[in-house]
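Below: one structure, written as structure tokens.
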Amino acid sequence: MKIDLDNQLFQSALPVLSTIESHGYEAYFVGGCVRDTLLELPIHDIDIASSATPDEIEAMFKHTFEVGKEHGTIVVLHNDVPYEVTTFRTEGAYSDFRRPDEVQFVRNLEEDTLRRDFTINALAFDHYGNLYDYHQGLPDLKAKLIRAVGTAQERFNEDALRMIRAIRFASQLGFTIEAKTFTALQELAPLIENVSIERIRIEISKFFQGEFFHLNGDLLPESGLPPYIKAFSKIDVKAGIAGLKHHLKPLIENELTREESFVWALFLHSAGINEKSTIKRLLSSWTHSNQLIRDVQDTIQLLLAIDANQLNSWLVYQFPDYIVKQMIDYLGAHQNEKRTELLKLYEQLPIYHRKELQLDGRRIMQVLNMDKGGPIVGKLLLEVEKLVVMGQLENDEQLLLNYVKQAYQSTN
């Protein structure tokens, strides 16, 4: 089988393959870029496998840097674009269930593909677009099947994260996990305890955001993995998944965006977790960033306000624009009347940020002849900000100053 490599990402990377081949070595495009090209999906990055050793790669390119030379990977910079070039290899035991204790470089592509996780990821293109498939990956692509290369037990014992990756690919691609592969996954679920939570979190986020999550989301509880993932211990995963499937189905069907923070918010909310402190504690255990944690807290607080019919201009104003806009999209797929209400409140806000207010703390201090600020300045500024947002005071500097003067005099 031959494919036209007309995608610009392939075209830009072809000189790297040509350089390697001109020195007498083999080089191929491998992994996700091959799989997604065959599925007619967008590709985002290019990975290259070669018979050349890391030292040989470094010798033939002027601009390289190491990212895992001991495991065979060198990054080549070509026209300021980085390309990971990994030497064909076989691998020893995985005592940490993540990385091989040792690797042995080989000169044969077929041997190299034996170490890959799933057949659909063990495909390769040469620079002419010829397909190399040693494990029936193409038939599995056509059958929409996720099957381990070789023996699933061996692949999962090598790297336990592959069990999470299997359900992630099912969510992203809409594929079925082959029966023997899924059975091995369930049997070896306890091995996931050996994987760092950071690696698991990345895969779970992609799983939540998959285009087919509403169809394959139940694979997570069915896999038996959650009890062995400590960060899930305080979460009703089954309820969270059921609710998330319900919430995301119309968003997916209408091709609406599903940001990482938003899907985590819907998951926790569905699991009955709404308290800010609890959200922070749980998401911190997942090693999420402080920014994502704040976004999840805001999203859930806005959801609760909507459910309780507590929307007003001041409440809407206090949430970041992107949180409100994501919620407007969400409501459009679920509760159009609520969407109309939220959209109207948002669009009619006199200001969207405090910086738009025609008054600041320094100006208040000048008008009130204050040498230094204090709590009263912040209190007055917040008061006029709220009045402007609620439409009770026009955003005009002189009007705001008059109000501040009167309010200050009445308190003194």
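The values are calculated or read from the model by the stated rules, or taken from the named source; none is laboratory data. This is a predicted model, so every value here is computed, not measured. Cβ coordinates were reconstructed from backbone atoms using ideal geometry, including for glycine residues, and neighbour counts include every protein chain displayed. Accessible surface is based on the protein model in full, side chains and every heavy atom, while ligands, DNA and RNA are left aside. Shrake-Rupley method; radii C 1.70, N 1.55, O 1.52, S 1.80 Å.
Protein-only accessible surface at a 1.4 angstrom probe places the residues T87, T19 in the order T19, T87, largest first. The accessible area of D236, taken with all protein chains in place and a 1.4 Å probe, comes to roughly 80 Å².
One Cα centroid belongs to the stretch 33-90, the other to the stretch 215-290; the line between them spans 34 Å. Taking θ as phi - 60° and the Karplus parameters 6.51, -1.76 and 1.60, the scalar couplings of the stretch 68-73 work out to x, 4, 5, 9, x, 9 Hz in sequence order, x denoting glycine and proline.
Taking amide H positions as modeled 1.01 Å from N, with prolines and chain starts lacking one, the residues under 5 Å from D47 and 5 or more places away or on another chain are V30, C33. With the charge dipole of the stretch 149-230 set up from +1 on Lys and Arg Cβ and -1 on Asp and Glu Cβ about the Cα centre, the Cα lying farthest toward the positive end among the listed residues F182, F213, N157 is that of F213.
The mean accessible area for residues of the chain, using a 1.4 Å probe and ignoring ligands and nucleic acids, is 49 Å² per residue.
Angle between the Cα long axis of helix 237-253 and the longest principal axis of the chain, 0 to 90 degrees, nearest 10? Taking Cα atoms only, the helix is inclined about 90 degrees. So if I take the centroid of the Cα atoms in the stretch 384-407 and the same for the stretch 144-163, what is the distance between those two points in Å? The distance from the Cα centre of the stretch 384-407 to that of the stretch 144-163 comes to 64 Å. For the chain, find the longest principal axis of its Cα atoms and tell me its angle to the long axis of helix 276-285, 0 to 90°, nearest 10. Roughly 20 degrees between the two axes. The HN-Hα couplings worked out from phi for the stretch 163-176 by the Karplus form 6.51 cos²θ - 1.76 cosθ + 1.60 (θ = phi - 60°) are 5, 5, 4, 4, 6, 5, 5, 4, 6, 6, 9, x, 8, 9 Hz, whole numbers, x standing for Gly and Pro.
Against the main long axis of the alpha-carbon atoms of the chain, helix 290-307 sits at an angle near 60°.
Report, by chain and number, residues whose modeled amide H sits under 5 Å from the one on F118, excluding near sequence neighbours (fewer than 5 apart, same chain). Counting only residues 5 or more places away or on other chains, the set is V149.
Hey, any idea what the orientation-averaged projected area of the convex hull of the chain's Cα atoms comes to, in nm²? Could the numbers behind the result be given before it?
On the way: hull surface 102.5 nm².
Orientation-averaged projected area of the Cα hull: 25.6 nm².
Per-residue 3J(HN,Hα) values for the stretch 3-16, derived from phi via the Karplus relation 6.51 cos²θ - 1.76 cosθ + 1.60 with θ = phi - 60°, read 10, 6, 8, 8, 4, 4, 5, 5, 4, 5, 8, 4, x, 5 Hz in sequence order (x marks Gly and Pro). Summarising the amide proton neighbourhood of G174: residues at separation of 5 or more, or on other chains, whose placed amide H is nearer than 5 Å comprise F212. When trypsin sites (Lys or Arg not before Pro) are flagged only if DSSP places them in a loop and at most 16 other Cβ atoms lie within 10 Å, the longest unflagged stretch of the chain comes out as 235-371.
Counting only protein heavy atoms and a probe of 1.4 Å, the accessible surface of the chain is 46% carbon and sulfur.
Selection among H23, L173, T53 by position relative to the dipole of the chain gives L173 as farthest towards the positive end (Cβ unit charges, Cα centre).
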